[in-house]
Amino acid sequence: MSSDVVACPACGARNRVPASASGIPKCAKCHAPLPWVVAADETTFDAAVDARVPVLLDLWAPWCAPCRMVSPILERLAGENAGRLKLVKVDVDQSPRVMTRFGVQAIPTLVILKGGREVSRQQGAGNKAQLSAWIGRHLT
Ligand SMILES: [Zn+2]
């Protein structure tokens, strides 16, 4: 299983964050919730979006300038909502079946999933305030 290393926002300790897990990743040192940002592809997609917290799905491609603009905003939002949100990034060039499954017409397409089901989507990039408000409406 793939995992990424992130720094704990509370204490700075470096932690491995799993791509999929039954709970919420927490810092091994101080137990603060960690930002959960993972990259998924066709083979890992279903496991990645099966999370206890809402999933923000970022359907992007490396050649897409608006995608590169919005990506750091999404990562900051994942950090601000650590423990309440999981960010799953899918490069649609590498995962055409995910693109087809979501009927993606243009990228970036951002989708909020709960329990693996789509509850909202936005096509195109947005600024941080707009994206934060949109995501906030779907967090419990
Ligand atoms: Zn910590």
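Summary of values
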item: Glu42, sole failed condition from (1) under 11 Å from the mean Cα position of the chain (by Cα); (2) over 28 Å from Pro9 (Cα atoms); result: (1)
item: Test result for Thr140, surrounded by 16 or more Cβ atoms within 10 Å (Cβ to Cβ) and either in contact with a Leu (Cβ under 6 Å, 6 or more places away or on another chain) or within 21 Å of Ala82 (Cβ to Cβ) (or both); result: no
item: Residue count, the range 32-60 (criterion: within 24 Å of Gly136 (Cβ to Cβ) and part of a loop (DSSP other than H, G, I, E, B)); result: 8
item: Options Arg121, Arg84: the member that is over 23 Å from Val17 (Cβ atoms) and not hydrophobic (A, V, I, L, M, F, W, C); result: Arg121
item: Of residues in the range 108-127 being open to solvent by less than 60 Å² (accessible area, probe 1.4 Å) and either modelled with pLDDT of 95 or more or outside any loop (DSSP other than H, G, I, E, B) (or both), the one farthest from Glu75 (Cα to Cα); result: Ser120
item: Condition check for Arg68: of a type in the set (Lys, Arg), more than 16 Å from the ligand (Cβ to nearest atom), surrounded by fewer than 18 Cβ atoms within 10 Å (Cβ to Cβ) and under 13 Å from the mean Cα position of the chain (by Cα); result: no
item: Selection status of Lys29, assigned to a loop (DSSP other than H, G, I, E, B) and among the basic types (Lys, Arg); result: yes
item: In the range 1-39, residue farthest from the ligand (Cβ to nearest atom) [restricted to those that are open to solvent by less than 10 Å² (accessible area, probe 1.4 Å) and touching a residue at least 40 places away in the same chain (Cβ under 8 Å)]; result: Val38
item: Qualifying residue in the range 82-92 (condition: open to solvent by 10 Å² or more (accessible area, probe 1.4 Å), of a type in the set (Gly, Ala, Ser) and assigned to a loop (DSSP other than H, G, I, E, B)); result: yes
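One line per residue, one yes/no per condition, for (1) in contact with a strand residue (DSSP E or B) (Cβ under 7 Å, 6 or more places away or on another chain); (2) in contact (Cβ under 8 Å) with a residue 12 or more places away in the chain:
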residue: Cys67; (1), (2): yes, yes
residue: Ala82; (1), (2): yes, yes
residue: Lys89; (1), (2): yes, yes
residue: Arg97; (1), (2): no, yes
residue: Thr100; (1), (2): no, no
residue: Lys114; (1), (2): no, yes
residue: Ala133; (1), (2): no, no
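The values are calculated or read from the model by the stated rules, or taken from the named source; none is laboratory data. Everything numeric in this text was worked out from a predicted model, so none of it was measured. Here Cβ is always computed from backbone atoms with ideal geometry, including for glycine, and neighbour counts include all displayed protein chains. Accessible surface is based on the protein model in full, side chains and every heavy atom, while ligands, DNA and RNA are left aside. Shrake-Rupley method; radii C 1.70, N 1.55, O 1.52, S 1.80 Å.
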